[in-house]
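Step one of this worksheet: look at the structure below.
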Amino acid sequence: MNHIDLQGRFAVVTGGGQGIGLAVATRLLDSGATVSLWDRDAETLRQAAQALAKHGHVGTASVDVSDASRVAAAAEATAKEFGRIDILVANAGIAGPNHRVWDYPVDAWKQVIDIDLSGVFYCCRAVVPFMLRQNYGRIVNVASIAGKEGNPNASAYSAAKAGVIALTKSLGKETADKNISVNCITPAAAKTRIFDQITQQHIDYMLSKIPRGRFLMVEEVAAMVAWLVSEENSFTTGAVFDLSGGRATY
């Protein structure tokens, strides 16, 4: 494993209690960063913080990212605890149910958009002002290959992740002269608990689209994110980094 230097950096990882978020938090801690895990599941958060304690200093905040006021309060509290926020990895998300567009439940659509798109917006909106004050920041928003291609029977998720890509490009341009890099990643499916939310038919469909012939490993996501949030990433911003195993490289 190559070493990324994040000594003295303070990071927020949303959805940090499990899956990709937990893997990213582990890698950032091992690279020297201090990490605050944000997650809406208090018990999952507690267990994750306990497991990560041996890797470095871990803070926690019980946050539902679809609630703008709670996100703002968590950002204030985290900045007060750490003294600054250098890194944001906006990872929290849900899959939503699998239905055709004309059968998609309106409430489920709203829930997916609220968490997967609006939640990323709320986190960026709350954290960027701290980065502007220090003229430094690194943000990685977790989108999806579905946001590039549009998965059938997953319209809400696909639309939300497409929105994350566009949000990233807009924010990247707005902060380009402030030594703040804002990028997103577009992972293919990884075997995490999000699979519990989707049908086996949809899981099989996603695997069939990956030329690598396997699902993404969360450690592979963490490796890419670790560089993207490092000081070495000093030029690239508003970009989309592919993690689709060859499915869509444009």
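The values are calculated or read from the model by the stated rules, or taken from the named source; none is laboratory data. All figures in this text were calculated on a predicted structure; none of them were measured in a lab. Here the Cβ is made from the backbone with ideal geometry for all residues, glycine too, and neighbour counts use every protein chain on show.
General observations
- Some residue of the stretch 3-17 being closer than 15 Å to Ile87 by Cα, among the aromatic types (Phe, Trp, Tyr) and either more than 12 Å from the chain's Cα centre (by Cα) or modelled with pLDDT under 95 (or both): yes
- Exactly one residue out of Gly59, Gly21, Gly32, Gly96 is in contact with a strand residue (DSSP E or B) (Cβ under 9 Å, 6 or more places away or on another chain) and on the phi > 0 side of the Ramachandran plot: that is Gly96.
- Any chance Thr14 is of a type outside the set (A, V, I, L, M, F, W, C), surrounded by 17 or more Cβ atoms within 10 Å (Cβ to Cβ) and under 25 Å from Leu132 (Cα atoms): yes
- Residue list for the stretch 63-78, filter: surrounded by 15 or more Cβ atoms within 10 Å (Cβ to Cβ), under 13 Å from Ser36 (Cβ atoms) and out of contact with any Pro (no Cβ under 9 Å at 6 or more places or on another chain): Val63, Val71, Ala74, Thr78
- Test set (1) at pLDDT below 95; (2) of a type in the set (A, V, I, L, M); (3) crowded, with 17+ Cβ neighbours inside 10 Å - Ala53 fails condition number: (3)
- Check on Gly137, in contact with an Asp or Glu (Cβ under 7 Å, 6 or more places away or on another chain), among the small types (Gly, Ala, Ser) and surrounded by 15 or more Cβ atoms within 10 Å (Cβ to Cβ): yes
- Test for Ala53: is it outside any loop (DSSP other than H, G, I, E, B), among the small types (Gly, Ala, Ser) and in contact with a strand residue (DSSP E or B) (Cβ under 9 Å, 6 or more places away or on another chain): no
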